[in-house]
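**Q** Encoded as structure tokens, here's the structure I'll be asking about.
Just so it is clear, none of the values below were taken in a lab; they were calculated from the coordinates. The model shown is predicted, which means the values in this text are computed figures rather than measured ones. For neighbour counting, all protein chains shown are included, and Cβ atoms are generated from backbone atoms with ideal geometry for every residue, glycine included.
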Amino acid sequence: MYNNLIAIVAISFAIVGSIWGIGNLISQNNSNNTTTVKQTGLTLIAQDDRFNKTNPDIYVKKGMPLRINILNKDFRRHDFVINELNLNTGYMSTDQQVTLAIASNSKGTFEYYCSLHPDKMRGKVIIEN
């Protein structure tokens, strides 16, 4: 009886995991770079000369720091720079991760980019109320 219960639980987890994985594959949207991110913390993955595949707009509440983890999953070096906010991760090697916080008491739109690949790796940080 106990072994049957364990088997049922294990099979249930496998089915739910499979459905979740298939759902994520079906619902992926890689068509443009208009993706926006609104949350209290996020991870940006530098890979294939993009941040998170779409260089998303990053929304930050005025006066509320937003923690960002930048992870380099490329075989090339990358960095993350916002000149106007004096943020610069420095060059990151493969699998290196840097955590920083974006914070400002002023509203505005600021550009982020990778200084090594600025033509492909750039986006906006929008600080709003």
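**Q** Straight-line reach from Lys73: which lysines have a Cα under 20 Å away, not including same-chain ones fewer than 8 places off?
**A** Result set, ordered by chain and number: Lys53, Lys120.
**Q** While we're on this one: Short version: ³J(HN,Hα) in whole Hz for each residue of region 112-129, in order, from phi by Karplus 6.51 cos²θ - 1.76 cosθ + 1.60 (θ = phi - 60°), x for Gly and Pro, what are they?
**A** The phi angles translate into 10, 6, 9, 5, 7, 9, x, 6, 10, 10, 7, x, 10, 10, 10, 9, 9, 5 Hz.
**Q** Taking Lys62 as the anchor, which lysines have their alpha carbon closer than 22 Å to its alpha carbon, excluding any fewer than eight residues away along the same chain?
**A** Answer for Lys62, where 22 Å is the Cα cut-off: Lys38, Lys107, Lys124, listed by chain and number.
**Q** Modelling each spin label as a point 7 Å along the Cα-to-Cβ direction, I'd like the Thr94/Phe75 distance in nm, to one decimal.
**A** 0.6
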